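The values are calculated or read from the model by the stated rules, or taken from the named source; none is laboratory data. Bear in mind the structure is a predicted one, so any value in this text is a computation, not a measurement. We place every Cβ from the backbone using ideal geometry, glycine too, and count neighbours over all the protein chains shown.
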Amino acid sequence: MKKFVAEFIGTCTLVVLGCGTAMLVGCNADHGCGYILTALAFGLTIVAMAYSIGNISGCHINPAVSLGVLMSGGMTSKDFCGYVVSQILGALAGSGLLKLIFSAGKVEDMTGGLGSNGLAGVNGSPLAGLVVEIILTFIFVTAILGVTSKKANHGSFGGLVIGLTLVVVHILGIGLTGTSVNPARSIGPAVVAAIGGNTDPIAALWVFIVGPLIGAALAALVYGYLEKE
């Protein structure tokens, strides 16, 4: 149970700090610095969580990461289900906190949907968005599998490597899809935004669920092949 609680807390924190930063600074072509600030917010949150709850749950805080670990033999199917439920609930809780904070304050939600992902950067193309998410998640999960491999020798720098990888994929992906690479991170804001009356993020939500899961599965298969002696 402690592992599930840790995943809940970690995912909630990721949504509050990552999506909250995106809401605060805006992520569009007129606010280029917002790209970097948002990318750093997501990446540094992963670093912080890796060194705080990593020893409890492994700090997946992402169903795609959990899928990659499952396919690599690093967790049981029962734990996988518990992790995914905890992550989604954490993302919903984090999105609810953002709704409360930004509704009570005077700061405009510049993204229009609690930091939800979208397809504006790929001209509304679901296929293009799917390809972007598959590629970015493949890179992210491959890095995680490599860093956490029994053959890896990164000492205490694993969390930092993973966090910086998330920063890099965000720098490219924010302008295209808002960068999901994490179904829970996408589900939370989209659902809470829809409850609040903004149903726009729901229409393309499947892209940010299917894309990361495919990317993670491919990463597990490819890394398994590369690592095999």
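Does ILE171 meet the test of being closer than 20 Å to ILE46 by Cα, of a type in the set (A, V, I, L, M, F, W, C) and crowded, with 19+ Cβ neighbours inside 10 Å? Against the criterion (closer than 20 Å to ILE46 by Cα, of a type in the set (A, V, I, L, M, F, W, C) and crowded, with 19+ Cβ neighbours inside 10 Å), ILE171 does not qualify.
The set of residues in region 185-201 being modelled with pLDDT of 95 or more and surrounded by fewer than 21 Cβ atoms within 10 Å (Cβ to Cβ) consists of VAL191 alone. Out of all the residues in region 102-119, which are at pLDDT below 90, out of contact with any Leu (no Cβ under 9 Å at 6 or more places or on another chain) and surrounded by 12 or more Cβ atoms within 10 Å (Cβ to Cβ)? Hits for region 102-119 are THR111, GLY112, GLY113.
Residues that are in a helix (DSSP H, G or I), of a type in the set (A, V, I, L, M) and either modelled with pLDDT of 95 or more or surrounded by 18 or more Cβ atoms within 10 Å (Cβ to Cβ) (or both) within region 203-215 comprise VAL207, ILE209, VAL210, LEU213, ILE214, listed in sequence order.
Take GLY58 and decide whether it is surrounded by 17 or more Cβ atoms within 10 Å (Cβ to Cβ), at positive phi, modelled with pLDDT under 95 and out of contact with any Gly (no Cβ under 6 Å at 6 or more places or on another chain). Yes, satisfied.
Counting the residues of region 71-99 that are assigned to a helix (DSSP H, G or I) and free of Cβ contacts under 8 Å to residues at least 60 places away in the same chain gives 4. Can you spot a residue in region 177-196 that is β-branched (Val, Ile, Thr), under 25 Å from CYS33 (Cα atoms), out of contact with any Leu (no Cβ under 8 Å at 6 or more places or on another chain) and in contact (Cβ under 8 Å) with a residue 40 or more places away in the chain? Looking through region 177-196, none of the residues is β-branched (Val, Ile, Thr), under 25 Å from CYS33 (Cα atoms), out of contact with any Leu (no Cβ under 8 Å at 6 or more places or on another chain) and in contact (Cβ under 8 Å) with a residue 40 or more places away in the chain.
Within region 150-163, at least one residue is among the basic types (Lys, Arg) and farther than 29 Å from LEU127 by Cβ.
Residue count for region 51-63 under the criterion of being within 9 Å of GLY10 (Cα to Cα) and aliphatic (A, V, I, L, M): the result is 2. With respect to the conditions (1) surrounded by fewer than 20 Cβ atoms within 10 Å (Cβ to Cβ); (2) under 24 Å from LYS2 (Cβ atoms); (3) over 16 Å from the mean Cα position of the chain (by Cα), VAL25 falls short on a single one, namely (2).
So for region 32-46 (the condition being in contact (Cβ under 8 Å) with a residue 24 or more places away in the chain and outside any helix (DSSP H, G or I)), does at least one residue qualify? Looking through region 32-46, none of the residues is in contact (Cβ under 8 Å) with a residue 24 or more places away in the chain and outside any helix (DSSP H, G or I).
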